[in-house]
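Please read the structure below before turning to the comments.
The values are calculated or read from the model by the stated rules, or taken from the named source; none is laboratory data. Just so it is clear, the model here is predicted, and its values are computed rather than measured. Positions of Cβ are generated from backbone atoms using ideal geometry, with glycine treated the same way; all protein chains shown enter the neighbour counts. Just so you know, the surface numbers come from the protein's heavy atoms only, side chains and all, with ligands and any DNA or RNA stripped out. Shrake-Rupley method; radii C 1.70, N 1.55, O 1.52, S 1.80 Å.
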Amino acid sequence: MLTEAEIRSELAARQENFSLSHALYCDPGVFQTDLEQVWYREWLFAVPACELPKPGAYATMQVGAYPVVVIRGKDMRIRAFHNVCRHRGQKLCTHASGTTPNLVCPYHQWTYDLEGKLVFARDMGEDFDAGKFGLKKVHCIDLGGVVYICLAEVPPPVADLAKTASAYLAPSGLSDARVAFSSTIVEKGNWKLVMENNRECYHCGGSHPSLCRSYSDDPRRTAISGPDAANPEITSHWTRCEAANLPSRFVAGPRLQWRLMRMPLLDGAESFTMSTRAAVARRMGTIPFNDAGSVLFYHYPNSWNHFLPDHAITFRMLPISPTETEVTTNWLVHKDAVEGVDYDLKTLTEVWLATNDEDRRVVEENQKGILSPAYEPGPYSTIQEEGVIQFVDWYCATMTDRLAPEPAMAAE
């Protein structure tokens, strides 16, 4: 296992516009440091808010060593807590999701209300102060229908992202959506490989025949620093959408940690379907036409998303080990859309179910190659893999900043 000093050396030795070293993708010490310096400190996508439609609805997630429960309270506010009983540390919620009137520990039945207050603890004596043993809170924010958590004691600033994401997602009416289908897979690859694969479409023509019916693999359309502003197809699409009160133009956060923009699909395509037509007859929110394209929204380190006129797709990844990553995909539709009437589930999900499995295979074979003693970092295409370069630059800069050695104390 590499030490922090050795990880700093690996980062410093990285060649510009080249992939990372074997150790930065595979070493257990690097994985643990990634957890400590990235995953335990950044805002992480947790769930679409509509997954928790009523008081007591909850979802659980595992972020490294931390089990977390996200739950909607009686006041309809969504909160997050460490999924650990304050008595002897038992996990409170053992299922991926569910609904409960209270959070009850299965071990000794300590009971917490939906706001995390301890309301019952049997036989603890007259001097026991239940007020000191409420659930430990996790920072939680709803960004216009997508819920983020942060495990840090003091989370990074989020106001700009919250304002921008809320504006771009508002037309999708996510508060009036529901989860039509959910899929969770485990990819046997490092989390950085999963994100790198998502950040480019260099591989799409050879790997994603279904997706390429509607999504362009032209890097000039989805450039990480913004699409070609001289492209009349894109600029006219933005003008048309913005006239219909659909925020569209490229906007990004510091170091491009997050980005939002509305992009047209290929040749007038309406949705990610085999026919390229809308999968759901009832449109989302206030979007007035089927060919409004997709709002592309990514946020490092763990999410990328598509918000289309007829449905939305959210993607969340969570690291499991140096060479395993969990990816959860949710398909959202209008809450009143009826399966079998307004949409067919196979039509809705088949393109991205296939694409996710294709990506899984790509990532796993990529990981196998990097595990070989013959592997050495190779050059990225500055034309096709600009997004990968930007992600790797973000990762390396973030880790370098946070692993900087403490300045030496001056001698007295």
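In debye to the nearest 20, how big a dipole does the range 18-153 give about its Cα centre with +1 on each Lys and Arg Cβ and -1 on each Asp and Glu Cβ?
Once rounded to the nearest 20, the dipole reads 360 debye.
Report PHE133's accessible area, 1.4 Å probe, all protein chains in place, as a number in Å² to the nearest 10.
For PHE133, solvent-accessible area is about 60 Å².
Assuming 0.36 nm per residue, please report the length gained on full extension of the stretch LYS91 to TYR107 beyond their Cα-Cα distance.
4.9 nm
In the P(r) worked out for the range 84-167, what percent of Cα pairs fall beyond 21 Å?
44
With charges only on Cβ, +1 for K and R and -1 for D and E, what is the dipole size of the range 83-145 about its Cα centre, in debye, rounded to 20?
Charge dipole of the range 83-145: 260 debye, to the nearest 20.
Test of understanding: what is the full-extension gain from ALA13 to GLN32, defined as 0.36 nm times their sequence separation minus their Cα-Cα distance?
Length gained, ALA13 through GLN32: 4.8 nm.
Determine ³J(HN,Hα), in whole Hz, for all residues of the range 359-370 in sequence, where each value follows from phi through the Karplus function 6.51 cos²θ - 1.76 cosθ + 1.60 and θ = phi - 60°; x replaces Gly and Pro.
For the range 359-370, the Karplus curve yields 5, 4, 5, 4, 5, 5, 6, 4, 5, 4, x, 5 Hz.
Could you tell me which of PRO254, MET399, ALA121 has its Cα farthest along the dipole of the chain towards the positive end, charges placed at Cβ (Lys, Arg +1; Asp, Glu -1), taken about the Cα centre?
Checking the options against the dipole of the chain, the answer is ALA121.
Between ARG255 and ASN356, what's the calculated FRET efficiency when r is the beta-carbon distance and R0 is 22 Å? Round to 0.05.
0.20
Give the list, by residue number, of cysteines in the chain with no other Cys Cβ closer than 4.7 Å, or say none.
CYS26, CYS50, CYS93, CYS140, CYS150, CYS212, CYS241, CYS396 - these cysteines have no disulfide-compatible partner (Cβ-Cβ under 4.7 Å) in the chain.
Note down the nm distance, to one decimal, between modelled labels 7 Å out along Cα→Cβ at TYR66 and at ASP160.
Roughly 2.3 nm, to one decimal.
Rank MET1, MET195 by accessible area, highest first, at a 1.4 Å probe radius?
Largest accessible area first, the list is MET1, MET195.
Set the Förster radius R0 to 30 Å, insert the Cβ-Cβ distance between ALA397 and ARG240 as r into 1/(1 + (r/R0)^6), and round the FRET efficiency to 0.05.
0.20
Assuming 0.36 nm per residue, please report the length gained on full extension of the stretch MET274 to SER175 beyond their Cα-Cα distance.
32.9 nm
With just the Cα atoms of the range 316-381, tell me how far they stretch along each of the three principal axes, in Å, largest first.
If we take the Cα atoms of the range 316-381, the spans are 54, 24, 19 Å.
Just want the answer: with Cβ charges of +1 for Lys and Arg and -1 for Asp and Glu, which residue in PRO264, THR314, SER236 is farthest toward the dipole's positive end in the range 226-322?
THR314
How much net charge surrounds HIS108 when only the other residues with a Cβ under 12 Å from the Cβ of HIS108 are counted, with Lys and Arg +1 and Asp and Glu -1?
Every neighbour counted, the sum reads +2.
Given the options GLY387, PHE18, LEU211, identify the residue whose Cα lies farthest towards the positive end of the charge dipole of the chain (+1 on Cβ of Lys, Arg; -1 on Cβ of Asp, Glu).
It is LEU211.
Greater than 19 Å separation of Cα atoms is the criterion. Which listed pairs, LYS91/LYS137; LYS54/LYS136; LYS137/LYS335; LYS54/LYS74, meet it?
Going by Cα-Cα distance, LYS54/LYS136; LYS137/LYS335 fall outside the 19 Å limit.
Using the crude model of +1 on Lys and Arg Cβ and -1 on Asp and Glu Cβ, and no other charge, please compute the dipole size for the range 116-166 relative to its Cα centre, in debye to 20.
180
How large is the accessible surface of TYR202 in square angstrom, using a 1.4 angstrom probe and rounding to the nearest 10?
The accessible area comes out at roughly 130 Å².
To the nearest 0.05, how large is the calculated FRET efficiency for THR184 and GLU233 if R₀ is 60 Å and r is the Cβ-Cβ distance?
0.95
How much accessible surface area, in Å² rounded to 10, belongs to the heavy atoms of PHE315 with a 1.4 Å probe?
Accessible area of PHE315: about 0 Å².
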